[in-house]
Amino acid sequence: MVGGLSGSRMLIALLIGIALLIVMVLFTKIQAFLAMIITTVVIGVIGGVPLLNTQIETDAGTKTLGIINSITGGFGGTLGSIGIIIGFGVMMGQIFEVTGAAKRMAATFLKWFGRGHEEEALAFTGFLVSIPIFCDSGFIILSPIAKALSRATKKSVVGLGAALAAGLVITHSLVPPTPGPVGVCGIFGIDVGRFILMTIVLAVPMALVAIAWARNVLAKKYYWIVDDNDNIVHATYTNKTSEDKFLMDLSDCPGTLESFMPILLPIILILINTVATVIGVHNGFIDFLIFLGQPIIAVGLGLVEAIFTLGNRLDRDTALKEMEKGMASAGIIMLVTGGGGALGQIIKDTGLGNYMADGLAKTAIPIIILPLVIATVMRFIQGSGTVAMTTAASITAPIIIAANINPYMGAFACCVGSIFFSYFNDSYFWVVNRTLGVDDAKDQMMVWSTTTTLCWLVGVIEVIVLSIFIH
């Protein structure tokens, strides 16, 4: 341990700190950000970390050790790498909300997937839309489309809505620049661009399972359709759908390319950056492409694209107010992420990460399971996926790195754990069920808690399988 600190004492301090964090988040009025800072201080004090910054000698040279140093260093270091991306992402998402771009995407996917594949169209609309937009907002924006489809096709609005909601929550939980995954990347110190490409691929199997569950189970068990008066009514299940053509009013929506480009542009630039970096060729042009593909630049260019294309549909005052509204919603996410960085930093600074990694290496428990378990438990206890993945990343990143495990795997495990069993303490649980007219608690858990748990289970399998091949 660093600075002569006791490993067992620090471990006891960590366990006390985690218990205190859970109590504060669940049973007090203390907000998660403040709770994380208090927890960091408590862990430091109980663990014997110097109250004032102290210079100590380590194998790597002179190092400053102190509770305040860990808090400020962890907070600033984490937000320094991902705060800008979070800001850009939420502003872009707000523009999508108010310009009708999300609606245009839904219409495009409906056209691509064709008749009879409405669940796929809605799921993959949510899959793409939730990359820059919070899933709660995305569902509110897109749920009228699910209802209109139910009215026109006589398909279950519950099946359609669950597929849409699943597509939204999967990328919200896994793919940057959604704030939670970006924060996890910052805490693990990994490349956001590579993590985007990795999680987009790994999110697809989760979406496919959710679609199958929504169509083959939920749609039959809850055959609730929207009638011509826009009321949700219970009916007797039939696998025959109406032949009515569904015509979506897109007169106020931007064009297809215009709607997709602010999302596609950053992804393309980041992909070019990743390929160019792997190839290892350097010249003026390649270096310029690598620069454009840096996540901060790429997402920033996507935002500029959205402002000067989609934003043309808004007057200047409205555009500025909407982007400021998005920035306001990002504030608490940034604080929670920074607080998680502070909590992780004290574990790193004291050498507790190495101590725990060495201990776990002597057991039969795969270390990659640790972030998955912590994120899953935190998700179940307090409901917020962002807090769950950030807390898990803060605690386990130093351990994962010290054990020489691929940090991308650790970050993915944290994000997967945050999807587990959405229920009463999750705001999105209520948004989905209330919008779809599901009132009974048992039905609510069947419709949404089981859907998220299935997505989580697919993610767990992916984590375990990938951990065998990726070290």
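Could you count how many residues in segment 297-320 are hydrophobic (A, V, I, L, M, F, W, C), more than 19 Å from ILE200 (Cβ to Cβ) and in a helix (DSSP H, G or I)?
Keep residues of segment 297-320 that are hydrophobic (A, V, I, L, M, F, W, C), which gives 297-299, 301, 303-304, 306-308, 310, 314, 319-320.
Then drop every residue that is not more than 19 Å from ILE200 (Cβ to Cβ), which leaves 297, 303-304, 306-308, 310, 314, 319-320.
Imposing the further condition that a residue be in a helix (DSSP H, G or I) reduces the set to 297, 303-304, 306-308, 310, 319-320.
Going through segment 297-320 one residue at a time, the tally reaches 9.
List pairs: first residue in segment 214-233 and modelled with pLDDT under 95 and assigned to a strand (DSSP E or B), second residue acidic (Asp, Glu) and loosely packed, with under 15 Cβ neighbours inside 10 Å anywhere in the structure, Cβ distance under 8 angstrom, at least six positions apart or on different chains.
Within 8 Å, the pairs are VAL233/ASP227.
Out of all the residues in segment 1-37, which are touching a strand residue (DSSP E or B) at 6+ places or on another chain (Cβ under 9 Å) and small (Gly, Ala, Ser)?
First, the residues of segment 1-37 that are touching a strand residue (DSSP E or B) at 6+ places or on another chain (Cβ under 9 Å): 2-5.
Once the filter is applied, which keeps residues that are touching a strand residue (DSSP E or B) at 6+ places or on another chain (Cβ under 9 Å) and small (Gly, Ala, Ser), segment 1-37 yields GLY3, GLY4.
Would you confirm, using the coordinates I've provided, whether THR62 is surrounded by fewer than 20 Cβ atoms within 10 Å (Cβ to Cβ) and part of a strand (DSSP E or B)?
Values: surrounded by fewer than 20 Cβ atoms within 10 Å (Cβ to Cβ): yes; part of a strand (DSSP E or B): yes.
Yes: the conditions hold for THR62.
Where in segment 404-471 are there helices (runs of 4 or more DSSP H), lying wholly inside it, with at least 3 residues that are in contact (Cβ under 8 Å) with a residue 60 or more places away in the chain?
Details: elements: 407-417, 427-435, 441-444, 450-469.
In segment 404-471, the matching helices (runs of 4 or more DSSP H) lie at 407-417, 427-435, 450-469.
Within segment 10-21, does at least one residue satisfy the condition of being over 30 Å from ILE307 (Cα atoms), surrounded by fewer than 17 Cβ atoms within 10 Å (Cβ to Cβ), in contact (Cβ under 8 Å) with a residue 60 or more places away in the chain and of a type outside the set (Asp, Glu)?
Within segment 10-21, the first condition is being over 30 Å from ILE307 (Cα atoms), and the residues that meet it are 10-21.
Now narrow it down to the ones that are surrounded by fewer than 17 Cβ atoms within 10 Å (Cβ to Cβ): 11-12, 15-16, 19-20.
Restricting the remaining residues to those that are in contact (Cβ under 8 Å) with a residue 60 or more places away in the chain gives 11.
From what is left, the residues that are of a type outside the set (Asp, Glu) are 11.
Among the residues of segment 10-21, at least one is over 30 Å from ILE307 (Cα atoms), surrounded by fewer than 17 Cβ atoms within 10 Å (Cβ to Cβ), in contact (Cβ under 8 Å) with a residue 60 or more places away in the chain and of a type outside the set (Asp, Glu), which makes the answer yes.
Output the residue which, of all residues in segment 238-271 that are among the aliphatic types (A, V, I, L, M) and loosely packed, with under 14 Cβ neighbours inside 10 Å, is modelled with the lowest pLDDT.
Across segment 238-271, the extreme among qualifying residues is LEU247.
List the number of the failed condition for SER384; all other conditions in (1) within 20 Å of the chain's Cα centre (by Cα); (2) within 30 Å of CYS253 (Cβ to Cβ); (3) of a type in the set (Ser, Thr, Tyr) hold.
(2)
Out of ALA146, ALA121, ALA107, report the one residue that is among the hydrophobic types (A, V, I, L, M, F, W, C), out of contact with any His (no Cβ under 7 Å at 6 or more places or on another chain) and surrounded by fewer than 24 Cβ atoms within 10 Å (Cβ to Cβ). Break it down stepwise before answering.
Details: ALA146 fails: surrounded by fewer than 24 Cβ atoms within 10 Å (Cβ to Cβ); ALA121 fails: surrounded by fewer than 24 Cβ atoms within 10 Å (Cβ to Cβ).
Within the list ALA146, ALA121, ALA107, the selection yields ALA107.
Take the residues in segment 1-42 that are more than 20 Å from GLN382 (Cβ to Cβ) and in a loop (DSSP other than H, G, I, E, B), then tell me which one is modelled with the lowest pLDDT.
Applying the filter and picking the extreme gives MET1.
Can you confirm whether THR274 is assigned to a loop (DSSP other than H, G, I, E, B) and at pLDDT below 85?
Working: assigned to a loop (DSSP other than H, G, I, E, B): no; at pLDDT below 85: yes.
Criteria not met by THR274.
I'd like the residue in segment 392-442 that is more than 18 Å from the chain's Cα centre (by Cα) and on the phi > 0 side of the Ramachandran plot and, out of all such residues, is surrounded by the fewest Cβ atoms within 10 Å (Cβ to Cβ).
Ranking the candidates gives ASN404 first.
Conditions (1) under 25 Å from LEU197 (Cβ atoms); (2) touching a Pro at 6+ places or on another chain (Cβ under 6 Å); (3) modelled with pLDDT of 85 or more, marked per residue:
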site: ARG316; (1), (2), (3): no, no, yes
site: ALA330; (1), (2), (3): yes, no, no
site: GLY339; (1), (2), (3): no, no, no
site: LEU343; (1), (2), (3): no, no, no
site: ILE346; (1), (2), (3): no, no, yes
site: TYR355; (1), (2), (3): no, no, no
site: ALA388; (1), (2), (3): yes, no, yes
site: TYR408; (1), (2), (3): yes, no, yes
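The values are calculated or read from the model by the stated rules, or taken from the named source; none is laboratory data. From a predicted model like this one, the values you see are computed outputs, not experimental measurements. All Cβ positions, even for glycine, are placed from backbone atoms using ideal geometry, and neighbour counts span all protein chains on display.
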